[in-house]
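The numbers here are math on the coordinates, done by the rules we state, and not lab data. All values reported here derive from a predicted model rather than from experimental measurement. Quick reminder, even Gly has a Cβ in these numbers, built from the backbone with ideal geometry, and neighbours come from all protein chains shown.
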C-alpha cells in the first residue's frame, strides 16, 4: 500500500485527465472552486456530503482542563471547532474490498 499523500496537484491532474475538453487552467479553476466551496461551508458550520465518499462535518468542543503528559501539569484547553469525517458505506466497502451492502 502506498503512503503517498494526495495533493492539489494530484486532484488537478485527475480533473484534467477526466475531461479531454478542459485546459489545465480550467481544471485548476474547478479544483480551486471546489476546495473553496468546502472551506466556505465549514466556516459557516455546515456539513459537506460527497456521495459515495463521506460526510465532512464541524463539531464544537467545550473548553476543558488538560494535562501535560510529561510533567502532569494541568493547562487549559480552549473551546474550539474541529472537523469530523464519517466515511460512506461504499467507501468502507471499497477499502475492505467487499461489495457495498444494500439498505
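Pick from 35, 65, 77: which residue has the top mean-square fluctuation in a GNM of the chain where Cα pairs under 10 Å get a spring?
Result: 65 has the largest fluctuation of those listed.
Based solely on its DSSP helices, what 222 nm [θ] is calculated for the chain when runs of n ≥ 4 H residues each add -39,500 (n - 2.57) and the sum is averaged over all residues, nearest 500 deg cm²/dmol? Could you put the intermediate results ahead of the total?
Numbers: 3 runs with 38 residues, N = 103.
One gets -11500 deg cm²/dmol as the mean residue ellipticity at 222 nm.
Among 19, 57, 45, whose mean-square fluctuation peaks in a Gaussian network model of the chain (Cα, cutoff 10 Å)?
Of 19, 57, 45, the most mobile in the Gaussian network model is 19.
Compute the acute angle (0 to 90°) between the alpha-carbon long axis of helix 8-18 and the principal axis of greatest extent of the alpha-carbon atoms of the chain; round to the nearest 10°.
Orientation of helix 8-18: about 30 degrees from the principal axis.
Expressed as cubic angstrom per residue, what is the convex hull volume of the alpha carbon set of segment 1-44?
Details: hull volume 3.8 nm³, N = 44.
Measuring per residue, one finds 86 Å³ for the Cα hull of segment 1-44.
Obtain the nm distance between the two label points defined at residue 71 and residue 55 by a simple spin-label model: each point lies 7 Å from its Cα along the Cα-to-C-beta direction.
4.2 nm
Give me the percent relative contact order of the chain, please, defined on Cα pairs under 8 angstrom at least 6 residues apart.
On the way: 106 pairs, mean separation 17.9, N = 103.
Rounded, it is 17 percent for the chain.
Given the options 21, 42, 90, which has the most mean-square fluctuation in a GNM of the chain, springs set between C-alpha atoms less than 10 angstrom apart?
21
Note the angle between two axes, namely the Cα long axis of helix 24-43 and the longest principal axis of the Cα atoms of the chain, as a number of degrees from 0 to 90, rounded to the nearest 10.
On a 0 to 90 degree scale, this one is about 30.
Within a 10 angstrom radius of the beta carbon, how do 91, 33 rank from fewest other beta carbons to most? Each step should come with its number before you reach the end.
On the way: 91 15, 33 10.
Ascending Cβ contact count within 10 Å gives the list 33, 91.
Please list the equivalent ellipsoid semi-axes of the chain, computed as the square roots of five times the alpha-carbon gyration tensor eigenvalues, in descending order and whole angstrom. It would help to have the intermediate numbers written out before the result.
On the way: eigenvalues 231, 85, 51 Å².
Each semi-axis is √(5λ); the values are 34, 21, 16 Å.
Quick one: what does P(r) look like for segment 45-103 with 10 Å bins over all Cα pairs, in whole %?
For segment 45-103, the binned pair fractions read 20, 28, 22, 20, 9, 0 percent.
Could you give the length gained on full extension between residue 24 and residue 90, defined as 0.36 nm per residue of separation minus the Cα-Cα distance, in nm? It would help to have the intermediate numbers written out before the result.
On the way: separation 66, 0.36 × 66 = 23.76 nm, distance 3.03 nm.
Taking 0.36 nm per residue and subtracting the Cα distance, the gain is 20.7 nm.
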